[in-house]
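For reference, the structure is listed below as structure tokens.
The values are calculated or read from the model by the stated rules, or taken from the named source; none is laboratory data. The model shown is predicted, which means the values in this text are computed figures rather than measured ones. Reconstructed Cβ throughout: ideal geometry from the backbone, glycine too, with neighbour counts over all protein chains shown. We work out accessible area using only protein heavy atoms, side chains counted, and drop any ligands, DNA or RNA first. Shrake-Rupley method; radii C 1.70, N 1.55, O 1.52, S 1.80 Å.
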Amino acid sequence: MEAINASIDFDKRLATQDIAGSRAHAAMLAAQGIIEPNDAQAIREGLLTVLSEIEGGTFEFSTALEDIHMNVEARLKEIVGPAAGRLHTARSRNDQVATDFKLWTRDQMDAAITGLEALQKALLAQAEAGADWVMPGFTHLQTAQPVTWGHHMMAYVEMFGRDVSRFRDARARMNESPLGSAALAGTGFPIDRDMTAQALGFDRPTANSLDAVADRDFALEFLSSASICAMHLSRFAEELVIWSSAQFRFVTLSDRFSTGSSIMPQKKNPDAAELIRAKVGRIFGANVALMMVMKGLPLAYSKDMQEDKEQVFDAADNLMLALAAMTGMVSDMSANTDNLRAAAASGFSTATDLADWLVREAGLPFRDAHHVTGALVALAEKKGCDLPDLSLTDMTSVHEAITDGIFDVLTVENSVASRTSYGGTAPAQVRAQVSRWKEVLG
């Protein structure tokens with residue numbers, strides 16, 4: 001029973017939040033005349049001693065005391081004596097753990113936002129440096145149209161920007177204090193829940209005591225936001241694995257974020273990217289696991305909810321590790337611009353530009369232009385060349401309205417420069433978006 005019931009092995013991570021909540025609660029009890037000021041002072045000072053012992057590694061945790069709350073309270077009693085017994089007046093472990101866990105999760109949301117913004121800044125640096133570098137844009141992992149390196153980097157800035165907004169949105173919604181809800185029904189003591197909420201940085205107290213102790217939406221929203229963020233990290237990691245391969249050679253990853261082979265001396269493996277790609281499984285798993293824990297629980301608290309923390313702790317640890325590793329890789333990686341440009345110019349990547357020219361200059365309906373372009377691509381394939389290598393005679397043999405002006409749109413540089421619509425890949429648009437994001441990130 002002790003083995004299955006105890007949670008101290010993992011919930012000791014809540015020590016800082018538990019002590020902060022207890023100190024706020026003690027101050028409120030004294031302010032409301034519920035306990036003597038001297039007792040409150042002794043409790044608050046004693047809790048700081050307990051915190052220093054935990055932070056210093058001298059605190060002895062006991063599984064017999066089940067959880068962080070009872071471990072702290074037992075040690076507090078040894079330090080300050082009977083006054084420690086007054087701390088638990090007008091509260092329960094139910095509202096205590098909900099408060100602790102909210103405080104911890106809120107801190108993790110703040111850390112995730114900081115980590116994401118650091119990654120965005122690293123991407124911005126890459127985008128600014130490579131606003132003019134041409135590379136292939138893909139659909140279905142097939143060459144589609146030329147884009148710029150800066151445009152590709154900025155796509156991830158946008159993705160991670162949405163992740164930041166999700167964490168911020170979830171943080172604002174969860175920032176209500178459960179403390180004072182007691183076991184499930186509130187308390188008859190004349191407590192001041194606004195005072196403890198303010199002391200702990202919450203916007204307000206929760207409005208329903210049943211909901212307050214039963215709620216783990218804040219943890220689920222953290223895991224949901226973390227899952228979407230991890231998916232974005234995994235998509236980028238997959239591209240880095242592909243781009244750094246001998247077949248692509250689009251980027252060179254630094255030795256700091258690569259490993260060698262035990263038997264093949266030529267190998268330089270993108271292990272950091274591969275591990276980031278794998279972390280998404282653990283984070284997704286944590287999200288599903290907590291949903292399964294919570295899905296069948298009646299109000300208010302059930303012991304099942306003790307299973308809420310390990311998944312969140314693991315997901316938070318792995319998300320922060322993945323963010324740090326990705327930021328390091330992005331900061332250190334080098335784009336191989338010659339290879340990027342050569343790849344951009346292959347695979348008939350300017351075919352759409354050719355079709356657009358036929359619409360704009362020759363007056364063809366787009367469907368007809370699409371057909372003509374397809375015929376020209378087939379001719380180039382037959383001749384074993386790319387579109388810019390066809391002669392004007394070759395071009396006019398397919399459609400007589402084509403002039404030598406068409407060659408102006410068939411270079412990859414002219415192709416990307418022409419994509420000047422808002423959010424497009426043109427270097428000027430990329431630089432405008434870099435400037436906008438620099439202002440946002442400060």
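Here are the numbers for this structure:
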quantity: Contacts under 6 angstrom Cβ, first residue in the stretch 101-117 being on the phi < 0 side of the Ramachandran plot and part of a helix (DSSP H, G or I), partner among the aliphatic types (A, V, I, L, M) and open to solvent by less than 10 Å² (accessible area, probe 1.4 Å), 6 or more apart; calculated: TRP104/LEU14; THR105/ALA219; GLN108/ALA316; ILE113/VAL164; GLY115/LEU323; LEU116/VAL164
quantity: Filter result (of a type outside the set (S, T, N, Q) and assigned to a strand (DSSP E or B)) within the stretch 118-144; calculated: VAL134, MET135, PRO136, GLY137, PHE138, ALA144
quantity: Every residue from the stretch 186-219 that is touching a Lys or Arg at 6+ places or on another chain (Cβ under 7 Å) and open to solvent by less than 20 Å² (accessible area, probe 1.4 Å); calculated: ALA197, PHE218
quantity: Tally of residues being in contact with a strand residue (DSSP E or B) (Cβ under 9 Å, 6 or more places away or on another chain) and assigned to a helix (DSSP H, G or I) across the stretch 156-175; calculated: 0
quantity: Test: residue in the stretch 129-145 that is acidic (Asp, Glu) and under 25 Å from LEU410 (Cα atoms); calculated: yes
quantity: Spans of helices (runs of 4 or more DSSP H) in the stretch 337-442 with at least 3 residues within 41 Å of the chain's Cα centre (by Cα) and surrounded by 15 or more Cβ atoms within 10 Å (Cβ to Cβ); calculated: 337-344, 351-361, 412-418, 427-441
quantity: VAL147 at pLDDT 95 or above, aliphatic (A, V, I, L, M), touching a helix residue (DSSP H, G or I) at 6+ places or on another chain (Cβ under 7 Å) and not in a strand (DSSP E or B); calculated: no
quantity: Tally of residues being assigned to a helix (DSSP H, G or I), at pLDDT 95 or above, more than 25 Å from ILE276 (Cα to Cα) and open to solvent by 50 Å² or more (accessible area, probe 1.4 Å) across the stretch 293-336; calculated: 0
quantity: Single match in GLN32, GLN17 (criterion: more than 19 Å from ARG93 (Cβ to Cβ) and either touching a Cys at 6+ places or on another chain (Cβ under 6 Å) or touching a residue at least 60 places away in the same chain (Cβ under 8 Å) (or both)); calculated: GLN32
quantity: Wholly within the stretch 176-265, helices (runs of 4 or more DSSP H) carrying at least 1 residues that are more than 18 Å from the chain's Cα centre (by Cα), at pLDDT 95 or above and under 30 Å from ALA30 (Cβ atoms); calculated: 193-199, 209-214
quantity: Lone unmet requirement of (1) within 30 Å of LEU354 (Cα to Cα); (2) out of contact with any helix residue (DSSP H, G or I) (no Cβ under 7 Å at 6 or more places or on another chain); (3) at pLDDT 95 or above; (4) polar (S, T, N, Q) for THR114; calculated: (1)
quantity: Among the residues listed as GLU53, GLU66, GLU60, the single one being more than 17 Å from ARG23 (Cβ to Cβ) and without any contact (Cβ under 8 Å) to a residue 40 or more places away in the chain; calculated: GLU60
quantity: Residue match in the stretch 83-92 (condition: open to solvent by less than 60 Å² (accessible area, probe 1.4 Å), over 25 Å from ASP317 (Cβ atoms) and hydroxyl-bearing (Ser, Thr, Tyr)); calculated: yes
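Listed here are the residues, each with its yes/no results for (1) more than 38 Å from the chain's Cα centre (by Cα); (2) buried (at least 16 other Cβ atoms within 10 Å of the Cβ); (3) more than 25 Å from GLU2 (Cα to Cα).
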{"position": "ALA26", "(1), (2), (3)": "no, yes, yes"}
{"position": "GLN32", "(1), (2), (3)": "yes, no, yes"}
{"position": "ASN38", "(1), (2), (3)": "yes, no, yes"}
{"position": "GLN41", "(1), (2), (3)": "yes, no, yes"}
{"position": "ARG44", "(1), (2), (3)": "no, yes, yes"}
{"position": "VAL50", "(1), (2), (3)": "no, yes, no"}
{"position": "GLY56", "(1), (2), (3)": "no, no, yes"}
{"position": "GLU60", "(1), (2), (3)": "no, no, no"}
{"position": "ALA64", "(1), (2), (3)": "no, no, no"}
